[in-house]
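One structure is given here, and the rest of the page talks about it.
The values are calculated or read from the model by the stated rules, or taken from the named source; none is laboratory data. Here the structure is a predicted model, which means the values were calculated and not measured. Note that we place each Cβ from the backbone using ideal geometry, even for glycine, and neighbour counts take in every protein chain shown. Please note that ligands, DNA and RNA were not included when accessible areas were found on the heavy atoms of the full protein model with its side chains. Shrake-Rupley method; radii C 1.70, N 1.55, O 1.52, S 1.80 Å.
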Amino acid sequence: MADFRSPEGTRPFGPGQPYTPTEGTGSAPRTLQPPVSQNLRLRPRDWAGGLTSFQKLRALADVDLVRIVIQDVKGQILGMERAVALKDGAPDTPATQKQLERVRAWVDHPDPGAGLSFRRWLSKVLEEVLVTDALSLYPLHDRGSRFADPSGKPYGLRQIDGATIIPLVDALGQPPIAPDPAFEQVIHGRVETTFRMGELWYLPRFPRPDSPYGRSNTECVLITINLALRADLADLSYYTDGTLPDGLYAIAADWSPEQVRTYQEDFDAVLEGSDAQRRRIKFVPSGTFSETKKRAWDYQFREWMARVIAWAFQVSPMAIAKQMNRSTGETMEQSTIESGVRPLAEFIEEPINQYISGPLESPDVEMHFGADETEDGTLVKDRNVAYLGRGVRTINSVRREVGEEEIDPAIGDEPLWDTPSGPVFLKDIIETRKIEMAARAKALAAPAPTPASRDEGGAGPKLAPAPAGETDTDSGDAEADLLRWRTFAMRKAAEGKPLRRFQSEAIPPHERLRVSTALQRSYDRDADRLSRQSAIRDAFHSLDVAKGAFTEDLPASARKPATEIEAILLGWFDAHRDAIIAATLEELPVTTAKAAGLGKKLDVDALLDMGDLVDDLARALAGAVKAGTSDTIDIVGFDFEFDAAPKAALEYARNRAAALVGKKLIGGVLVDSPTVGVSITETLRDSIRGKVTAAIAEGWSPQKLTAELTDALGKTRAERVARTETAIAYNEGAYQAYAEGGQEYVEILDGDGCIPDGHDDMAKKPDGTVGIVQFDRLANGQIWTLADFHAHLIGHPNCVRAAIPYEATTSQEAAA
């Protein structure tokens, strides 16, 4: 690179010669730019840039709205449990136990000389942090301390008013090191004392890069606090100030001033006396009353100010804002604890533990704040269910947490991924994805096939399926002619129309016939495949499978199994509902005071045993599987008899039916094994149990109990379960047929908005990639491997998805 002083560096319009450092300055960089003679100033926060004074910050912190929020933060911290314990990994020995006893005694009174308990001491510390962010702690101890405590107490962590402390800076903008003073305490405009580094702990929570002073939570919302203060003063003046009376009465226009004055005196005399006397109705001559003071309370503006101030202090505005729903409120409350109160508590822990390790000589002990409340059980349950279904947690990790016995590690320790057709192992999905990505990378890296050229081994015109024009006329360029011909070839093949031979003037005459013949054969094969796929698609449409994806209808052969499943569910519930009603009515005469105990005695789970459903559901599901297998064989035209279909259908149906009722078949025996995202029993039992408990506690009438229980599993819900399970079973049968027939790829037929694992009306159309599941695009038109189709038999409840065989064209085969 050229030197600045070279001819190139000094040429016209060049970068110019940079300035050299001023004589006398050091080579080390300054960490900040302090004002000139900053250390001579005797007023804290007197810094370039106009920092708000400590006095003003403390005055603004006493505005009602701000003070409420500050007290809320302090209350939450003071309400936390504090624990003094050995550090992780510290040995439990007599020596460490002595440390533990010494620290516990000190924590109860962190500043014995001041006579403050821990909570009162902590309240002062929090006030300083939240208002001025100038926490100043003076560690008292008997080793090298220059200042003795007048009370004679050798130990303590004393708080000093941060508004009296001025941080000093050296020539580089850093705190001076001993023996130079690093801090000054200024009292009434004069330096009271100085502190060396380490003698005073000056701890701003939010330090600035351009100043040694911090930025407190109060300083972050100065404008908003001023708005709140002026709004309060304006409201106060409405009741205390003003030159207008509350109202004016118009009297007769012909009254003289003397008559008006006399009447005013008489009326005032009537109103004198007690408040009760003034509030009575007074009758006056006819006239009209005009109200002069009208006040509209601007709640939205005040709520906005409250939310901004609460957010600045990182606490929930629930107590001062409009009521919100319980779920949103709990989530916000938990979020503010984790993002606001908890970090503040951890900031306070740091100097306390520093004092414990240093002056108290107890390096194996620490103090920390615990949680002020336990997390809501419903939130924990919902989070665990979500984590289980997305492979974040395993079944055994959750069972250990709730104290349940672990299951087989081959299942319990493997992460699962919840799909519409049931959970699958996450490792299987990852392995499948790796294979797909490798195949895709191979396809992208493979060169496109080319027709033979005049030179043996030469690179002739590329054969590519991408469109290149709007006409099929010759252009004189072999590659452009070939791309254009290929585009129209596919269009004509899809329409079932013939196509003229390929011609291009850019190809030598002796090569034209051979190239044209080869391309025509390729076109004929592709046309045959496209025609076959079109015929199969039409056959599926006539079967109402693809139509079902748009109209939420099932194919005719699957409607009977769906009706059977719906009838089985409703019939089973009708029978069990009568037993539940009878058992509940026996408890109704009992007094409400005993309702809680009786609710436990009534065993709802025993009355809702769904094991007897498995055989009936399995029979109906097996019928749906057989229908899917049979329809697929007939339409696609497989030339084999699928003798294994009944056996495979029955095996699938029994396992699926067991999963639906929260059980699992092991050696032909049903055992309890709820499956994430599959079982229909859990929410049903919770609903019924809640209604039964309410009926016993509140003494419902038999009619009300019957009506409430009937809604627990109504026709709409039973129909939805039946349709969804039938669609899954039908596609399971189609999968078995394709697997037996050796089909590698299938094209998905689905409804508007359906994506592989859900519904999204804004999803884009697929890009035609073969063998890759595009999870964020419409499923309709995607080309999947058979394994992918098996993993995504439907996209969501009530979805009716279909798959037809996909045959790659000649160019796609070559690329693969």
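Of the set (1) under 34 Å from the mean Cα position of the chain (by Cα); (2) open to solvent by less than 60 Å² (accessible area, probe 1.4 Å); (3) within 30 Å of A234 (Cβ to Cβ), all apply to I68 but (2). Evaluated against (1) open to solvent by 60 Å² or more (accessible area, probe 1.4 Å); (2) closer than 27 Å to Y730 by Cβ; (3) hydrophobic (A, V, I, L, M, F, W, C), V392 falls short on exactly one condition, (2). Contact annotation: residue pairs with Cβ atoms under 7 Å, 6 or more positions apart or on different chains, pairing a residue in the stretch 152-176 that is closer than 16 Å to L200 by Cβ and touching a residue at least 12 places away in the same chain (Cβ under 8 Å) with a partner that is among the β-branched types (V, I, T) and open to solvent by less than 10 Å² (accessible area, probe 1.4 Å), are Q159/V125; G162/T132; A163/T132. If the condition is being in a loop (DSSP other than H, G, I, E, B), at pLDDT below 85 and surrounded by 10 or more Cβ atoms within 10 Å (Cβ to Cβ), then the stretch 288-321 contributes T292, K293, D298, Q314, V315, S316, P317, A321. Residues in the stretch 55-74 that are out of contact with any Asp or Glu (no Cβ under 9 Å at 6 or more places or on another chain) and farther than 15 Å from I223 by Cα: 7 in all.
Per-residue answers, yes or no, for (1) at pLDDT 65 or above; (2) farther than 30 Å from R399 by Cα; (3) open to solvent by 10 Å² or more (accessible area, probe 1.4 Å):
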site	(1), (2), (3)
D605	no, no, yes
L613	yes, no, no
V625	yes, yes, no
I666	yes, no, yes
D686	yes, no, yes
I696	yes, yes, no
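Of all residues assigned to the stretch 179-200, none qualifies as being part of a strand (DSSP E or B), of a type outside the set (V, I, T), open to solvent by less than 40 Å² (accessible area, probe 1.4 Å) and more than 26 Å from T52 (Cα to Cα). The listed residues are T716, T724, T706, and the only one of them that is under 29 Å from G623 (Cβ atoms), of a type in the set (S, T, N, Q) and surrounded by fewer than 19 Cβ atoms within 10 Å (Cβ to Cβ) turns out to be T716. Sub-8 Å Cβ pairs linking a first residue in the stretch 53-82 that is closer than 15 Å to S123 by Cα and charged (D, E, K, R) to a second residue that is open to solvent by 60 Å² or more (accessible area, probe 1.4 Å) and assigned to a helix (DSSP H, G or I), at least 6 apart or interchain, are D72/A319, ordered by first then second residue.
Need pairs with beta-carbon distance below 9 Å; first residue part of a helix (DSSP H, G or I) and within the stretch 126-140, second of a type in the set (F, W, Y); sequence gap 6+ or separate chains. Partner pairs satisfying both residue conditions: V129/F347; L130/F313; V131/F54.
Of all the listed residues (A134, A85, A95), the sole one being at pLDDT 90 or above and out of contact with any helix residue (DSSP H, G or I) (no Cβ under 9 Å at 6 or more places or on another chain) is A95.
Screening G247 with (1) open to solvent by less than 30 Å² (accessible area, probe 1.4 Å); (2) modelled with pLDDT under 90; (3) within 30 Å of Q314 (Cβ to Cβ) gives one miss only, at (3). Looking at the stretch 210-219 only, could you name the residues that are modelled with pLDDT of 90 or more and open to solvent by 50 Å² or more (accessible area, probe 1.4 Å)? Matches in the stretch 210-219: R215 only.
W47 meets each of the listed conditions (1) out of contact with any Lys or Arg (no Cβ under 8 Å at 6 or more places or on another chain); (2) hydrophobic (A, V, I, L, M, F, W, C); (3) at pLDDT 85 or above apart from (3).
Of all residues in the stretch 718-760, those that are in contact with a strand residue (DSSP E or B) (Cβ under 7 Å, 6 or more places away or on another chain) and at positive phi total 1. Taking each residue of the stretch 208-231 that is free of Cβ contacts under 8 Å to residues at least 24 places away in the same chain and looking for partners that are open to solvent by 70 Å² or more (accessible area, probe 1.4 Å) with beta-carbon atoms closer than 9 Å, six or more apart or interchain, yields R208/R215.
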